[in-house]
Amino acid sequence: MEIQTAPAPAASRSRSAAILVGLVVVVTVLIWAGVHNARERRLAMQSLQAQQASRVALIPEAAGKGGAAENPDAPKMQGKVAPGFSLVDLDGKKVSLASFKGKPVLINFWATWCAPCKLEMPWFEEFHQKYASQGLVILGIAADEAGKDVIASTARKLGVTYPVLLKTDEVETAYGGVDYLPESFYVDKTGKVFLETAGMNDDAGGKDEIEANIKKLIAAGGQ
C-alpha cells in the first residue's frame, strides 16, 4: 500500500518564507553596516590627516635683521653632528647616513598629506640631478603613518628618484622631534648640520632659497 505524504500546511510555508525574508534582511543590514563603517573610518582618517596637516607651520621671520625668530622650535641641531641612522627605502634596502661620509647630504622630512612638502620635492629632484656631479646626496624621510604603497605612489607622482626612506620614531626623536613639516637638515662633508630649516618661510621655502642653501652646503666643510 503506497503512503502519500501530505503537502506542508500553509502556515509552515509562511514561516519558512518569513525566515528566508528575515535572513535576507539581516544579510542586507550587515552589508550596509560594513559599507557605512568603512565610510566612517575613511572620513575619520581624512579628518585625522587634516588635523595633522595643521602641524605644517609657517615659521615667523626673525624679529628684525640679525634678531632671533620668536619661535620655541628654532633650529635645534644646527652646528651639531648629524645623528646617524639606517633606514629602509621603498625597495626594502637599508640606507645608512654613514655611507655618505664626506659628501654634502640634504635630509628632508616630509609627509604624503603635507602640501608644502609636495611643492618642494620636485625642486629637490631637480637639484638632485643638477648637483649630483658635485657630490650632493638628497634623502627623503617619509614622516607620516601612510603605508609604503601610498608613500611610493606619492613619490612616483612627484617624479622623485632620490632615495625615499621610511621613518622610525627613533630617527624623528634624534632629529629633535620633527615638529614642523617640511623640515630639512643640510649636513656638510664633516657630518655636522650646517643648516636646519622648518616649515615654509623666506629662508626655507622658496626654490631659489633652497638652491642657495644647497650651494652653501656643497661649499661648506672643506674638500
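Once the piece of chain linking Ser96 and Thr161 is laid out straight, how much longer is it, given 0.36 nm per residue of separation minus the C-alpha distance between them?
Once the chain is fully extended between Ser96 and Thr161, it gains 21.7 nm.
Take the stretch 111-223, drop everything but the C-alpha atoms, weight them equally and run the Debye formula without solvent; then report log10 I(q)/I(0) at 0.21, 0.22 Å⁻¹ to two decimals.
Debye output, listed in q order: -1.32, -1.44.
For a quick protection proxy, order the peptides 184-190, 76-82, 105-111 by their average other-Cβ count within 10 Å, most packed first.
With the highest mean Cβ count within 10 Å placed first, the list reads 105-111, 184-190, 76-82.
Return, ordered by residue number, the residues of the stretch 140-157 whose backbone nitrogen is under 16 Å from a label point located 7 Å along Cα→Cβ of Ala174.
Within reach of a label on Ala174, which here means backbone N under 16 Å from a point 7 Å along Cα→Cβ, the stretch 140-157 contributes 140-143.
Computed FRET efficiency, Cβ-Cβ of Ala219 and Lys148, R0 25 Å: what is it to the nearest 0.05?
0.10
Past 29 Å, Cα to Cα: identify those pairs from Lys118/Lys167; Lys101/Lys216; Lys148/Lys216; Lys80/Lys148, in the order given.
On the way: Lys118/Lys167 17 Å; Lys101/Lys216 18 Å; Lys148/Lys216 33 Å; Lys80/Lys148 31 Å.
Beyond 29 Å between Cα atoms: Lys148/Lys216; Lys80/Lys148.
Each label point is 7 Å from the Cα along the Cα-to-Cβ direction; what then is the distance between the points at Leu23 and Glu211, in nm?
Output for this residue pair reads 7.1 nm.
Values in this text are rule-based calculations from the coordinates and carry no lab data. Please read all numbers here as calculations on a predicted model, not as lab measurements. Cβ sites come from the backbone with ideal geometry, for glycine too, and all protein chains shown count toward neighbours.
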